[in-house]
1. Let me know the charge dipole size of segment A:1-148 about its Cα centre in debye, to the nearest 20, where only the beta-carbon of Lys, Arg (+1) and Asp, Glu (-1) is charged.
2. Provide a whole-number value for the mean count of partner chain Cβ atoms within 10 Å of the Cβ atoms in peptide A:37-48.
3. Can you give me the long-range amide H partners of B:Phe42? Hydrogens built in the peptide plane at 1.01 Å from N, cutoff under 5 Å, separation of 5 or more residues or another chain.
4. Using each residue's phi in segment A:135-144, evaluate 6.51 cos²θ - 1.76 cosθ + 1.60 at θ = phi - 60° and report the 3J(HN,Hα) Karplus result to the nearest Hz, with x for Gly and Pro.
5. Given the DSSP H assignment, sum -39500 (n - 2.57) over each helix run of at least 4 residues in chain A and divide by its residue total; what's the result at 222 nm in deg cm²/dmol, nearest 500?
6. Looking only at other chains, what is the average number of their beta-carbon atoms within 10 angstrom of each beta-carbon in A:140-153?
7. Across peptide B:51-58, what mean number of C-beta atoms from other chains lies inside 10 Å of a residue's C-beta?
8. Quick one: which residues, 5 or more positions from A:Met146 or on another chain, have an amide H under 5 Å from its amide H? H modelled 1.01 Å from N in the peptide plane, none for Pro or chain starts.
Amino acid sequence: MISEASLIQQLKNKETQSKAFRLLVGTYKEKLYWHIRRMVLNHDDTDDVLQNTFIKVFRNIQNFKGESALYSWIYRIATNESISFLNSRAKKYGISNEELQSKMLDRLEADVYFEGNDIELKLQRAIASLPEKQRIVFNMKYFEEMKYEDISEVLDTSVGALKASYHHATKKIEEYLLSN
Amino acid sequence: MDKKKKYTEQEGFKVPEDYFTSFEDKLFAGLEDASTDAKDGFKVPKAYFESLEDRILDSIDKENNEEEVKVIKLSSYKKYFYASIAVAAGLFLFFGTDLFTIEATVPQTTVAEVENEDIDSFIDEGLLTLSTYDISMLFEDVNLEDITVAPEEIEDNALIEYLSDKLEDYDELIIDN
């Protein structure tokens, strides 16, 4: 297995770039797909955001200084791309981000690529009711089972603040599920 | 009555030949195509991940080709755009707002009459064709660290609030890690 340092070096070298990039996409495509999908919910939108993420990684790899792990850097780009996408969608429809979340969930019920049962749909509604940051933290911790230290690198937030966010998120979800 | 015919043609309705013989195969093939992986209710089209690398590399190739054409086209446009802005700004500063009333025909509009909100909405509606990339190309020899912005006048909280309200494209924040 190739080391991260070697992969970065190959990504920056024009001659080895294409092969190394293919390897990078192969390594991270599924993890990033699910990370984005949990934020934008719809498969086609996820596909667009995922492609944009990898294109940005490719374009900016020369500027990657290795001050954080490559994995964290790519996750950060994916997270920012997803947030950008959601913001521009809300702006396009002239609605708030909260209204957009509700609209996306209504569509999710009719989505051919969603087959969740009532409980799963209810959980998605509860997650959608969270503020953006708590929603991201909850997804990364609960579904993606990431360590707080890794989430901290991606979101540039202290571990303490992340633990507090996750705690608030789980409380709110619990309350939502009990009252709905 | 021919039993086979009974089941393939009923009350005028017809069914393609061999429809029922191959029905199971088509049904299960269709089901396999519909999805493979699923997580907490979310499904992914079959073979989606298998073809992903090729599609992303194709997109990058296409973008690279388009960008080469785009840069040549915009650089010539940019010169005129900024030259006209510079001339207008120069005249405006030289004559002042009172003298700089365009006595042209209809509509009679002066620079001073253009509200900042109108300029904002012009940009918001995407009528300004220059992208962040084009602007950064224009200032590629300018080092950000050399620009002084009187930081004491901008409170951190105000800056964070402004960025969370206004910033949509997060590219600028991820270029450096």
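The values are calculated or read from the model by the stated rules, or taken from the named source; none is laboratory data. Everything numeric here is computed off the predicted structure, so don't read it as measured data. Cβ atoms come from the backbone with ideal geometry, glycine included; neighbour counts cover every protein chain shown. Areas reflect the complete protein model, heavy atoms only, side chains present, ligands, DNA and RNA absent. Shrake-Rupley method; radii C 1.70, N 1.55, O 1.52, S 1.80 Å.
1. 660
2. 2
3. Under 5 Å from the amide H of B:Phe42 lie the amide H atoms of A:Glu115, each far enough along the sequence or on another chain.
4. Per-residue couplings from phi come out as 5, 5, 4, 4, 4, 5, 7, 6, 8, 8 Hz.
5. -25000 deg cm²/dmol
6. Across the residues of A:140-153, the mean count of other-chain Cβ atoms within 10 Å is 0.
7. Partner Cβ neighbours, averaged per residue: 6.
8. A:Lys141
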